[in-house]
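Heads up, the thing below is written out as structure tokens.
The values are calculated or read from the model by the stated rules, or taken from the named source; none is laboratory data. Remember, predicted model here, so these are calculated numbers, not experimental data. Note that each Cβ is placed from the backbone with ideal geometry, even for glycine, and that neighbours are counted across all protein chains shown. These accessible areas exclude ligands, DNA and RNA; they are computed on the full protein's heavy atoms, side chains included. Shrake-Rupley method; radii C 1.70, N 1.55, O 1.52, S 1.80 Å.
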Amino acid sequence: MPTTLPILSITGATVTEGNTGTRNLSFTFRLSQASDAAVTFQALTNPVTATEVMDFQGGQGTFTIPAGQTSLSLNVVTAGDTVSEGSETLQLLVGNVQGATLAGGGSVISATGTIVDDDRRPTAPANNVLALTLASGTVYIEMRPDVAPLHVARIKELVREGFYNNLTFHRVLDGFMAQGGDPDGNGTGGSGQNITAEFSTLPFVRGTVGMARASAANSADSQFFIMFQPTASLNGQYTVWGQVIDGMERVDRITRIDPANPTTPPTTPDRLLRMTVESMRVSHGTARADTLTGGTGKDFLLGGTGADTLNAGAANDRINGGTGNDRINGGTGTDTLILSGARTAYTVTRLATTAVTYQIKGPDGTDRVTGVERVEFGGAAPVTIGTLVSSRRRAADRMADALTTHQPTLSAATTAPAGAKSNTGLLDALAAGPW
């Protein structure tokens, strides 16, 4: 008979969403040892970026691990869809345990459930990317005409009129969002034309771009906001019309308001120097191993979490492999590879001299990169890829190139001298909505 109470722990769970029907997100509870008496506890689901009802069936209840047993599985039912919305998470909170103690010695433990999005977003026409020029650099936003066509059409009109140029970010709340687009600079102005609400199932996560409004659902005008962090309370209450796909580090640098005066704009607010509609196509990977291929125009290739193959086209493209071990080919043009971390987080090795192929290993995975001219680390200014290899290594590569280029070839009538050797071996307010 045990002399001490068993310890109850829980492990997280992951499930691939699917396109239809339901699937189970299966959490496992374990006791450190079997007990002669049943162990009971209460569990409660808590949405994080996943939305209850739309993404999973939430609830709470009391559960029992029978005497003599050491584990129990608890399923949270998830719903499949065909909307590309990114992977989402929820928490399972556990407390009120009887007959055991909780791991860590506290009164509550939790585990994260991840619903992996496996939907491929359709490639939109080439004119659905906005470039926001800030003092710190450019932020790229992919617009979503598939979920908010009226908003996207109106924003394009305003952008092409130059409406947003030099306007300020007048309301910037740390941990929440940055809001701009008001010609009056204080949250009261607009273009004078309201837009009908287009609420959707897309969640408000980091980098989501939504439309600000007053209390009336159809009161959105020109003001928009970019999320710093996920905020589930906004889901279904504001229109999502875009997502930052590059440059979120620059959004993070926008000057915040004084938290003691949350309705007063910053003394020296950051400005949206210029906003333009870019002729770029955006292609997305998924949780699978995908092959994304660019066209003859400018492309933005965004790999998913799988081991992707990204082939850019003939223009000056931007490529983000995502996570996973990817194969990246920049094609022609001056292409930029986007990596999430700082330069010091990566090691760069030149693999071949004739094809100029590099291996870049870091927190994003180990990528094989060919035909890419520049690399951007963590939102810093891009650097030429060849300079990332040590000077000694570059000298060795130049020698190998020269030897490979100038090595004499043997004709059919020539015999190689005895002992001759080949040279080939040398060769990345929260509760109050935006207003």
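Brief remarks on what is shown
- Inter-probe distance in nm under a simple model that places probes 7 Å from Cα toward Cβ, at Asn46 and Thr133: 4.5
- The stretch 61-217 - Rg over Rh from alpha carbon coordinates, Kirkwood radius: 1.12
- The stretch 44-80 and the stretch 159-206 have Cα centres spaced 38 Å apart.
- With coordinates expressed along the principal axes, the C-alpha atoms belonging to the stretch 1-142 extend over 70, 40, 19 Å, beginning with the largest.
- For the stretch 52-91, the residues whose backbone nitrogen is under 14 Å from a point 7 Å from the Cα of Ser110, taken along Cα to Cβ, are 89-91.
- For Gln60 and Arg160, the difference between the fully extended length at 0.36 nm per residue and the C-alpha to C-alpha distance is 30.9 nm.
- One chain, two ends: Asn75 and Thr370. Fully extended at 0.36 nm per residue, the span grows by 101.8 nm beyond their Cα-Cα distance.
- Accessible area per residue for the stretch 99-245, computed on protein heavy atoms with a 1.4 Å probe, is 35 Å².
- On full extension, the segment bounded by Ser233 and Thr349 gains 37.2 nm, given 0.36 nm per residue less the C-alpha separation.
- Residue ranges 159-172, 248-261, 228-241 sort as 228-241, 159-172, 248-261 when ordered by packing (mean number of other C-beta atoms within 10 Å per residue, highest first).
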